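A.B. asks: First, the structure itself, so that you have it in front of you.
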Amino acid sequence: MRIGIDVGGTNTDAVVMFGREVRAACKSPTTADVGSGIRAALTEVLRQAEARGADIGAVMIGTTHFTNAFVQARSLAKVGVIRLAAPATTSLPPFADWPDRLREVVAGPAYVVRGGYNYDGSQIAEPVRQEILSAAKAIRDAGARAVAISSVFAPVNDGQEQFARDIVLEVIPDAQITLSHELGRIGLIERENAAIMNASLSAMAGDVVRSFSEALAALDIHCPLYVSQNDGTLMPPQVASRYPVLTFASGPTNSIRGGGFLTGLDDCIVVDIGGTTTDVGVLAGGLPRESSIAVDVGGVRTNFRMPDVLSIGLGGGSRVRQTGETVTVGPDSVGFKLRSEGLVFGGATLTATDIAVAGGIATVGDPAAVKGLDAHQVKQALQRIGTMIEDAIDRMKTSSSAVPVVLVGGGSILAPTKLRGAAKVIIPNQAGVANAIGAAIAQVSGEVDQVYSYEQLGRDAALARARADATNKAIAAGADSATVQIADVEELPLQYLPGGAVRVRVKAIGELAGLGV
């Protein structure tokens, strides 16, 4: 058996699966320390499944903990920044585009020193050891232990970032260093932001991942633990500790994959309706569609891998108001207080859940509490909810053709069963815990994102090398070698680089060894 867990801002969902069968499922309140909430969810699903710790072969955990911590500027470390770029880029220093509230918490000493590469691979300037040494000492003296190192065009050549890292470690042996080329793509500021963001989470990442392991050990579960990434695949806990930003948006990703699994569809739109927001994503070829543009996280632009997800302010706890003849739904929500503030639960706030019960499309709480609602108001609110979902679906489609739409999440009861632009609307069994199911069925991936010279290697040889490297990375991460397949190949010619340079991205995925789904 295997266990899938999704730690959300309000609830921690857990499932026990055996093969393709869901043996047990539960929702438990998320706790401040994360670990106790996971233990409570684990205890309940093990009880339901009549299973012991020894029966579990693997545990997969998805979490919004790091995303929420960054957006809320909570438990973040001060980050020292060294950018290898001078004399270029000095007019736009690190943190220049950050919101004030995040800059105040995260920004440590930042230095732009000589170095970096031009677009053709030639050096802007030779890095100077003494400059980097002085910057590292200033960061140490300021008390910062998290360091982000970036350089212009590091994805083309990462040599200067590695050089700077070694010097920083001489000065700060316990530094937690993030190199920008390990996360981001072409685009200095966005890539640097991703590195800073990752470094700011480095202190808490180890503690959070450790709490996952301790929660399992407390219940005598001694099996491999994996953390779900935002591309729908898994990474070992030590990788999650080093690169916590790779978990960003893993919740919606798990829901998208879970919706596909529950319906058997490889190509569809998945609408995940929670208590506060609705996340709309696209499943293409069995994997979540990846965003091709820079992504804004908490007001900070980044360009590391993220799923293409549209979030709107609609959920079960969304407040419903009427001004004159106009009825609005959201974007503000009572959130986790729905069970105390919603009318059907004895509260005094009119929410989207109350509208769904009054309209006869949901049966939760006390229906008598909403019998007195104005019928016209209920009808308008339901129409508004339907329109919001339809507009979100339309924005995610790439053609005017009707596509299957899968509704998941605890708030799926809000949606109408017919939606404009949908070939059919499906609410599968276990829709409320699709996110935990998505974590449980996640595969293991290996990815290569590199620049190759087609003139030197030849296209076939370069692609063969990239495929082999991606496959080996997947196997090293725990994939069953017999199941590894190439899921995606992308070639991006870099016309401004010499030698027929092409940026090649290859992703290989496979089933977790011994736990084929």
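The values are calculated or read from the model by the stated rules, or taken from the named source; none is laboratory data. Nothing here was measured: the structure is a model prediction, and the numbers come from that model. A quick note on method: Cβ atoms are made from the backbone with ideal geometry, for glycine too, and the neighbour counts reach across all protein chains shown. Side chains included, ligands, DNA and RNA excluded: accessible areas come from the protein's heavy atoms. Shrake-Rupley method; radii C 1.70, N 1.55, O 1.52, S 1.80 Å.
A.B. asks: Could you list, in sequence order, all residues of segment 293-312 that are in a loop (DSSP other than H, G, I, E, B), within 21 Å of Asp391 (Cα to Cα) and not charged (D, E, K, R)?
C.D. replies: Ile293, the sole residue that qualifies.
A.B. asks: Restricted to segment 462-517, and to residues that are of a type in the set (Gly, Ala, Ser) and over 22 Å from Arg305 (Cβ atoms), which residue is modelled with the highest pLDDT?
C.D. replies: Of everything passing the filter in segment 462-517, Ala464 is modelled with the highest pLDDT.
A.B. asks: Where in segment 89-182 are there strands (runs of 3 or more DSSP E), lying wholly inside it, with at least 3 residues that are in contact (Cβ under 8 Å) with a residue 60 or more places away in the chain and touching a Lys or Arg at 6+ places or on another chain (Cβ under 8 Å)?
C.D. replies: 146-151
A.B. asks: Moving to a separate point now. Which pairs turn up if I take residues in segment 246-270 that are part of a helix (DSSP H, G or I) and look for partners that are among the hydrophobic types (A, V, I, L, M, F, W, C) and open to solvent by 20 Å² or more (accessible area, probe 1.4 Å) with beta carbon separation below 7 Å, at least 6 apart in sequence or on another chain?
C.D. replies: Short answer, once both residue conditions are applied: Pro252/Val309; Thr263/Ile426.
A.B. asks: Looking at Arg39, Arg74, Arg47, Arg52 in this structure, which one is surrounded by fewer than 16 Cβ atoms within 10 Å (Cβ to Cβ), touching a residue at least 24 places away in the same chain (Cβ under 8 Å) and either of a type outside the set (S, T, N, Q) or closer than 23 Å to Ser250 by Cβ (or both)?
C.D. replies: Result: Arg52 is the single residue among Arg39, Arg74, Arg47, Arg52 that is surrounded by fewer than 16 Cβ atoms within 10 Å (Cβ to Cβ), touching a residue at least 24 places away in the same chain (Cβ under 8 Å) and either of a type outside the set (S, T, N, Q) or closer than 23 Å to Ser250 by Cβ (or both).
A.B. asks: If you go through segment 442-473 one residue at a time, how many are within 29 Å of the chain's Cα centre (by Cα) and not in a helix (DSSP H, G or I)?
C.D. replies: Count: 11.
A.B. asks: Condition test on Arg321, is it free of Cβ contacts under 8 Å to residues at least 60 places away in the same chain and touching a Pro at 6+ places or on another chain (Cβ under 8 Å)?
C.D. replies: In short, no.
A.B. asks: Would you confirm whether any residue within segment 338-346 is closer than 24 Å to Val280 by Cβ, of a type in the set (Phe, Trp, Tyr) and open to solvent by 30 Å² or more (accessible area, probe 1.4 Å)?
C.D. replies: Within segment 338-346, not a single residue is closer than 24 Å to Val280 by Cβ, of a type in the set (Phe, Trp, Tyr) and open to solvent by 30 Å² or more (accessible area, probe 1.4 Å).
A.B. asks: Every residue in segment 193-213 that is more than 15 Å from Glu182 (Cα to Cα) and either out of contact with any helix residue (DSSP H, G or I) (no Cβ under 6 Å at 6 or more places or on another chain) or surrounded by 23 or more Cβ atoms within 10 Å (Cβ to Cβ) (or both), please.
C.D. replies: Ser200, Leu201, Ala203, Met204, Ala205, Asp207, Val208, Val209, Arg210, Phe212, Ser213, listed by residue number.
A.B. asks: Let me ask something else about it. Mind listing just one residue for me: the one in segment 281-312 that is in contact with a Lys or Arg (Cβ under 8 Å, 6 or more places away or on another chain), over 16 Å from Ser255 (Cβ atoms) and among the hydrophobic types (A, V, I, L, M, F, W, C) and, of those, modelled with the lowest pLDDT?
C.D. replies: Ala294
A.B. asks: Let me ask something else. Out of all the residues in segment 214-235, which are aliphatic (A, V, I, L, M), over 16 Å from the mean Cα position of the chain (by Cα) and either farther than 30 Å from Val270 by Cα or crowded, with 24+ Cβ neighbours inside 10 Å (or both)?
C.D. replies: Residues satisfying the conditions are Ala215, Leu216, Ala217, Ala218, Leu219, Ile221.
A.B. asks: Here is a further query. Pairs, please: C-beta under 7 Å, at least 6 apart or cross-chain, first residue more than 8 Å from Ile355 (Cβ to Cβ) and in segment 365-385, second buried (at least 17 other Cβ atoms within 10 Å of the Cβ) and aromatic (Phe, Trp, Tyr)?
C.D. replies: Gly365/Phe345
A.B. asks: Can I ask one more? For segment 446-460, enumerate the residues that are open to solvent by 20 Å² or more (accessible area, probe 1.4 Å), small (Gly, Ala, Ser) and touching a helix residue (DSSP H, G or I) at 6+ places or on another chain (Cβ under 9 Å).
C.D. replies: Ser453
A.B. asks: OK, next. Do the conditions hold for Gly143, that is, is it open to solvent by less than 50 Å² (accessible area, probe 1.4 Å) and among the small types (Gly, Ala, Ser)?
C.D. replies: No: the conditions fail for Gly143.
A.B. asks: Here is a follow-up. Return the residues of segment 398-426 that are part of a loop (DSSP other than H, G, I, E, B), among the hydrophobic types (A, V, I, L, M, F, W, C) and surrounded by fewer than 18 Cβ atoms within 10 Å (Cβ to Cβ); say none if nothing qualifies.
C.D. replies: Residue satisfying the conditions is Ala402 alone.
A.B. asks: Is segment 26-33 home to any residue that is touching a strand residue (DSSP E or B) at 6+ places or on another chain (Cβ under 9 Å), open to solvent by 10 Å² or more (accessible area, probe 1.4 Å), of a type in the set (A, V, I, L, M) and farther than 17 Å from Gly409 by Cα?
C.D. replies: no
A.B. asks: Output the residues belonging to segment 108-139 that are open to solvent by less than 30 Å² (accessible area, probe 1.4 Å), under 19 Å from Asn198 (Cα atoms) and of a type outside the set (Val, Ile, Thr).
C.D. replies: Gly108, Ala136
A.B. asks: What number of residues within segment 279-289 satisfy the criterion of being surrounded by fewer than 19 Cβ atoms within 10 Å (Cβ to Cβ) and part of a strand (DSSP E or B)?
C.D. replies: 1
A.B. asks: Could you tell me whether Asn435 is closer than 30 Å to Cys26 by Cβ, touching a residue at least 60 places away in the same chain (Cβ under 8 Å), buried (at least 18 other Cβ atoms within 10 Å of the Cβ) and polar (S, T, N, Q)?
C.D. replies: Considered against the rule, which asks whether it is closer than 30 Å to Cys26 by Cβ, touching a residue at least 60 places away in the same chain (Cβ under 8 Å), buried (at least 18 other Cβ atoms within 10 Å of the Cβ) and polar (S, T, N, Q), Asn435 comes out as yes.
A.B. asks: Still on this model: Taking the criterion of being farther than 28 Å from Arg20 by Cβ, in contact with a Phe, Trp or Tyr (Cβ under 8 Å, 6 or more places away or on another chain), modelled with pLDDT under 80 and open to solvent by less than 40 Å² (accessible area, probe 1.4 Å), would at least one residue in segment 266-277 satisfy it?
C.D. replies: Yes: one or more hits.
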